[in-house]
1. From Val34, Val49, Val55, Val29, which residue is more than 18 Å from Glu139 (Cα to Cα), among the hydrophobic types (A, V, I, L, M, F, W, C) and under 26 Å from the mean Cα position of the chain (by Cα)?
2. Hey, can you tell me all the residues within segment 1-53 that are modelled with pLDDT under 95, small (Gly, Ala, Ser) and assigned to a loop (DSSP other than H, G, I, E, B)?
3. For Pro226, indicate whether it is touching a Lys or Arg at 6+ places or on another chain (Cβ under 9 Å), without any contact (Cβ under 8 Å) to a residue 60 or more places away in the chain and part of a loop (DSSP other than H, G, I, E, B).
4. Would segment 150-171 turn up any residue that is farther than 26 Å from Leu9 by Cβ, part of a strand (DSSP E or B) and of a type in the set (D, E, K, R)?
5. In segment 60-88, what residues are within 22 Å of Asp124 (Cα to Cα) and crowded, with 19+ Cβ neighbours inside 10 Å?
6. Please specify each residue of segment 3-31 satisfying the condition of being of a type outside the set (S, T, N, Q) and open to solvent by 70 Å² or more (accessible area, probe 1.4 Å).
7. If I ask for residues that are farther than 20 Å from Phe135 by Cβ and touching a residue at least 40 places away in the same chain (Cβ under 8 Å), which ones from segment 81-98 would you list?
Amino acid sequence: MGVRMMDLLSGNLDTLRYEPTAKRVRAAVGGEPVADTCDARLVWEPRRVVPTYAVPITALTAQLAPAGAESGADENVGARLPAISSRPILDPTVPFSAHSCGGTAFDVIAGQKTRAGAAFRPDDPDLAGYVILDFAAFEWLDEDEPVVSHPHDPFSRIEVLRSSRHVRVGVDGRLLAESSRPMLLFETLLPVRFYLPREDVAVQLEPSATSTYCAYKGRASYFSVPDGPRDVAWTYREPLHDAEPVRDRICFFDERVDVIVDGKRRDRPVTPWTAE
């Protein structure tokens, strides 16, 4: 009997998962070295959907000190995505301190700088001698390349394709955009996104102060619709190289607007951005 790949990818979300990486990985805080290793591991705590780095304790140039009590990730923490898991998933908005497995938290002291609770040693024999570091607490390099948001997942990718599909975007009967020259961005575990030329947007979008970071696409800048949904669309003005084809294009949250492709209305997907 065949097995759907999505079921394989999501079937072990409740377990502590890890994968070695051959990259040289470096962490620092304010220019002060924290770790430098070619033996890092990518680690996903139970219910986490993006990884962070664990480094050998012997690779640390910073000091570890016992931390205060860390918070736990109970069943009230996380986003419910029935297509992926029956339990709430822990997306990147859930803080590092919300650990979902047993272990010990540490403060990280690098020179005069201290990052409280920024290291975690899980109680697992396969990760003995390693500590997981809070990605958001440090600056990171993969080899000599800066990394933002979270480490790249070797089992996740993006792909951008030109398309001639006719895409119409609206909300409450109001036309927002219409195009027959979208770029379609496919990303593991996420719905397809339709990136449209700015000139095919039918409303004057208002720039927002909101910005987010994606490990694969870079910094996103957001827009709101006048007298309509807030932070409903975004663009990448300076995308990372994998997302270069969507530079300066506009994408709308399918979760909050109506998207009609070749005359067929798409169901609104359920993602961590559905209820925002």
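The values are calculated or read from the model by the stated rules, or taken from the named source; none is laboratory data. If you're wondering where the values come from, they're calculated on a predicted model, not measured in any experiment. Every residue, glycine as well, gets a Cβ built from its backbone with ideal geometry; the counts of neighbours run over all protein chains shown. Surface accessibility is based on the protein's heavy atoms, side chains included, excluding ligands, DNA and RNA. Shrake-Rupley method; radii C 1.70, N 1.55, O 1.52, S 1.80 Å.
1. One residue alone meets the criteria, Val49.
2. Across segment 1-53, the qualifying residues are Gly2, Gly11, Gly30, Gly31.
3. No; evaluated as a whole, the condition is false for this residue.
4. For segment 150-171, residues farther than 26 Å from Leu9 by Cβ, part of a strand (DSSP E or B) and of a type in the set (D, E, K, R): present.
5. Once the filter is applied, which keeps residues that are within 22 Å of Asp124 (Cα to Cα) and crowded, with 19+ Cβ neighbours inside 10 Å, segment 60-88 yields Leu60, Ala73.
6. Within segment 3-31, Val3, Arg4, Met5, Asp7, Leu8, Leu9, Asp14, Tyr18, Pro20, Ala22, Arg24 qualify.
7. Matches in segment 81-98: Leu81, Pro82, Ala83, Ile84, Ser85, Arg87, Pro88.
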